[in-house]
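Notes for the one structure printed next.
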Amino acid sequence: MQTMTTKKKGWLAFAVILAMLGILTGVLQFSSREKLHQLALHREASSHIPTLENLRESVEEEFLDDDLLFVDLGMEELVHRENDYLGEIALRALEIQETVGVFAFDRNGKLIELPTDSTRQAADPSRTESLEQLSFDFRLSEGQALSILYPVGEEADMGYLELLIDPAPILAERDAVDEEIIQQGLWAFAIGAGLLFLIFRILLTRLLRSERELLNKSINLKEANLRLSQACKTAGVGAVTAHLMHALKSPLMGLKNLELDAGEQLEATEENLRATTRKIENLITQTLNTLRECDLNEESYSFEAQEVLNLAASKFNDEGSELRVSVLESAAADQKIDNLKANLILPILHNLIQNSIDSGPGVKVFLLAELKNESLTLSVRDNGPGIPEELKDSLFKPIQSQKENGSGIGLAICKELAQRADTTVILDKSTDKGTSFAVAIPIDKTPN
């Protein structure tokens, strides 16, 4: 399915590129066509300059001889004027091949009447202004003759001459040029499209092959991730279960002692039995809830850090008795912890608090939430005698416990639970004045 989608997108991209190539080819053809048309008109206009220059020189020579004769004969009124020169040049210009009409303008751009019959329209006198910088000006309108305007004399001192040229040869040449341009454009487009198709085909084949390989690798990776996830989940379940077994040791030992004392103080024994049973039931319920949420793997709600600490402390503070576990106020108390992390962090805090309480009679425990090094740190501190120096390096390894009836795996379970919760648990410090453990929870800086 993915391969078919890639093919469709690929062919669509090829069609778009092909269309762009066609548009680019058309634009270049149109631009070249216009330039060639203008070049042909420019060549036609410039080809008549030498002829007109010869006509001017010829007329000037003839009129100069006549004018000298008129002066000698005392007939100055017959001496030729500028318009006479321009008119004669215009009449002789009719002999230029393919010329169908001639108009003359004086140096001010005023039309001069010539003894020729012409039904055509003379040029706009304003066109003469452009000839101050140009040697000629040409115009070709649809259905009209080619109009070419020339200055006559030095700096147009005689005036201006307009030649009307039959456009048929020029239009025939233009059609031939257009046909040649179209053929060249089609060939260029065909060759370009062929090359594009070949390149596209090679690239698409490689892309599809790479996509299939990537898809196979993705499937393999997905399967590996699934197996890894199942393995991690199994390990997580094992860690939670190990915590349950570890936590059950204390009430079970209590039950054993109750059995030994069953003959004495029956009422107190029954009350202790009920309390121990409730404790075991609560432990099992909490563990089942944790396992259920780990299995769902959904972050459906969250706790504030202070709430988590209060929940951890409430397990060890009996009503009506002196508080052994206190939760300190802090600025980080409102930091959020999702339910998945909280359910795994609570057993860690329970283990750490229990270890502190078991370290000696009258030991008090203090819980505090802090922000350190871009992490939310939950600290468990006590005023106990501290941890022996020789045990500090192997605290989180399963070892023989120094406590009576201890298993030596409590902190190892804490470490395993911390890894499942993507947190870390460390010994912050320990002296003869007390011990401090820290659970560091990375803060997610992803914007909501």
Between A188 and L12, take the C-beta separation as r, use R0 = 25 Å, and let me know the FRET efficiency to the nearest 0.05. 0.60
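First measure r as the distance between the Cβ atoms of F63 and Q133, then evaluate 1/(1 + (r/R0)^6) with R0 = 51 Å and state the FRET efficiency to the nearest 0.05. Before the final figure, lay out the partial values.
Details: r = 29 Å, r/R0 = 0.57.
The calculated FRET efficiency here is 0.95.
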Per-residue Cβ neighbour rank within 10 angstrom, fewest leading, R92, R209: R209, R92
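May I ask you to derive the FRET efficiency for A172 and L24 from their Cβ-Cβ distance with R0 = 25 Å, giving the value to the nearest 0.05?
Details: r = 29 Å, r/R0 = 1.17.
Given R0 = 25 Å and the Cβ-Cβ separation, E is 0.30.
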Hull volume per residue for the range 301-448, using the convex hull of the C-alpha atoms, in Å³ is 121
Which whole-Hz ³J(HN,Hα) couplings does the range 27-32 yield from phi under the Karplus relation 6.51 cos²θ - 1.76 cosθ + 1.60, θ = phi - 60°, glycine and proline marked x? 4, 5, 5, 4, 5, 5
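So what is the relative contact order for the range 301-448, in percent, with contacts set as C-alpha pairs under 8 Å and at least six apart?
On the way: 261 pairs, mean separation 33.3, N = 148.
Over the range 301-448, the number comes to 23 percent.
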Site E98, offset 7 angstrom along Cα→Cβ, radius 17 Å on amide nitrogen, limited to the range 38-58, gives 38-52
Give the separation of the Cα centroids, the range 15-91 to the range 148-205, in Å. 22
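So between R206 and N108, what do we pick up on full extension, going 0.36 nm a residue minus the alpha carbon distance? Don't jump to the answer; show the numbers that get you there.
Values: separation 98, 0.36 × 98 = 35.28 nm, distance 7.40 nm.
So the chain would gain 27.9 nm between R206 and N108.
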Label D124 and L214 with points 7 Å out from Cα along Cα→Cβ: what is the distance between them in nm? 6.1
For the range 1-148, what does the relative contact order come out to in percent, with C-alpha contacts under 8 Å and a separation of six or more? 15
Take the residue pairs K222/K415; K315/K341; K364/K397; K336/K364; K35/K110 and return only those whose Cα atoms are more than 23 Å apart. K222/K415; K364/K397; K336/K364; K35/K110
Once label points are set 7 Å from the Cα along Cα→Cβ at both T424 and E374, what is their separation, rounded to one decimal in nm? 1.3
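No value in this document is a laboratory result; all are computed from the given coordinates. These numbers were taken from a predicted model, which means no experiment stands behind them. Methodologically, a virtual Cβ is constructed for each residue, glycine included, from the backbone with ideal geometry; neighbour enumeration extends over all protein chains shown.
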